[in-house]
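Asker: Structure below; questions to follow.
The values are calculated or read from the model by the stated rules, or taken from the named source; none is laboratory data. If you're wondering where the values come from, they're calculated on a predicted model, not measured in any experiment. Virtual Cβ from ideal backbone geometry, glycine too; neighbours counted across all protein chains shown. Surface areas here come from the heavy atoms of the whole protein model, side chains and all, with no ligands, DNA or RNA. Shrake-Rupley method; radii C 1.70, N 1.55, O 1.52, S 1.80 Å.
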Amino acid sequence: AAQALRGTVVVVIEDDAEVAAATRALLADWGCRTIVAGDSASAIAELDAAGITPDAILADWRLAGPENGGQAIEKLEARFGARLAAIVTGELDPGAIVVPPHLAVTVMQKPVRARELADWLLLWKSIE
């Protein structure tokens with residue numbers, strides 16, 4: 001997986017510093033270029049400053065601010081176009097995750113295993 005994912009730009013929307021750092025480290029081990037932000041506005045600002053567009057978006061469902069992961073994905077896709085996108089959640093009730101129907105989003109239950117994340121990202125490579 002690491003060889004195939006080298007250079008993939010992944011945006012991680014996560015407000016928990018520990019989870020964000022662990023995700024960044026894992027993706028870096030795979031050679032991904034990772035933008036980690038607590039909300040969509042910060043992610044867009046970082047992407048614009050770096051002059052890059054994301055290949056994939058991974059967003060926590062519950063964020064500290066007013067937006068949830070689905071809304072963050074929606075804003076990023078409004079700016080950069082449709083992307084491979086996933087919501088990571090600890091919600092036990094699948095009905096609690098309400099994503100706008102026009103978004104094609106994978107929902108992953110916490111804890112997400114590294115292999116599950118790699119398989120999801122490799123999906124992007126297969127449709128690229």
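Asker: For segment 95-117, name all the residues that are within 17 Å of Ala85 (Cβ to Cβ) and of a type in the set (D, E, K, R).
Answerer: Of the residues in segment 95-117, the ones within 17 Å of Ala85 (Cβ to Cβ) are 97-110, 112, 116-117.
Scanning segment 95-117 gives Lys110, Glu116.
Asker: I would also like to ask the following. Kindly establish whether Ile57 is under 18 Å from Val9 (Cα atoms), open to solvent by 20 Å² or more (accessible area, probe 1.4 Å) and touching a residue at least 40 places away in the same chain (Cβ under 8 Å).
Answerer: Working: under 18 Å from Val9 (Cα atoms): yes; open to solvent by 20 Å² or more (accessible area, probe 1.4 Å): no; touching a residue at least 40 places away in the same chain (Cβ under 8 Å): yes.
It is false that Ile57 is under 18 Å from Val9 (Cα atoms), open to solvent by 20 Å² or more (accessible area, probe 1.4 Å) and touching a residue at least 40 places away in the same chain (Cβ under 8 Å).
Asker: Follow-up. Counting only residues that are open to solvent by 80 Å² or more (accessible area, probe 1.4 Å), of a type in the set (Asp, Glu) and part of a helix (DSSP H, G or I), how many does segment 86-118 have?
Answerer: 0
Asker: So Ala50 clears everything in (1) modelled with pLDDT of 95 or more; (2) within 16 Å of Glu14 (Cβ to Cβ); (3) aliphatic (A, V, I, L, M) except one condition, right? Which one?
Answerer: Every listed condition holds for Ala50 apart from (2).
Asker: Please go through segment 51-67 and give me each residue that is of a type in the set (Asp, Glu) and farther than 17 Å from Arg83 by Cα, ordered by number. Steps first, please.
Answerer: As a first pass, look at segment 51-67 and keep what is of a type in the set (Asp, Glu): 55, 60, 67.
The one that is of a type in the set (Asp, Glu) and farther than 17 Å from Arg83 by Cα: Glu67.
Asker: Just checking, which of Ala72, Ala25, Ala43, Ala64 is surrounded by fewer than 20 Cβ atoms within 10 Å (Cβ to Cβ) and part of a helix (DSSP H, G or I)?
Answerer: On the way: Ala72 fails: surrounded by fewer than 20 Cβ atoms within 10 Å (Cβ to Cβ); Ala43 fails: surrounded by fewer than 20 Cβ atoms within 10 Å (Cβ to Cβ); Ala64 fails: part of a helix (DSSP H, G or I).
It is Ala25.
Asker: Regarding Ala78, is this residue outside any loop (DSSP other than H, G, I, E, B) and either closer than 15 Å to Thr23 by Cβ or in contact with an Asp or Glu (Cβ under 9 Å, 6 or more places away or on another chain) (or both)? It would help to see each step written out before you state the result.
Answerer: On the way: outside any loop (DSSP other than H, G, I, E, B): yes; either closer than 15 Å to Thr23 by Cβ or in contact with an Asp or Glu (Cβ under 9 Å, 6 or more places away or on another chain) (or both): no.
When the stated conditions are applied, Ala78 does not pass them.
Asker: OK, next. Scan segment 28-40 residue by residue and report those that are open to solvent by 30 Å² or more (accessible area, probe 1.4 Å), in contact with a strand residue (DSSP E or B) (Cβ under 9 Å, 6 or more places away or on another chain) and part of a helix (DSSP H, G or I).
Answerer: Ala28
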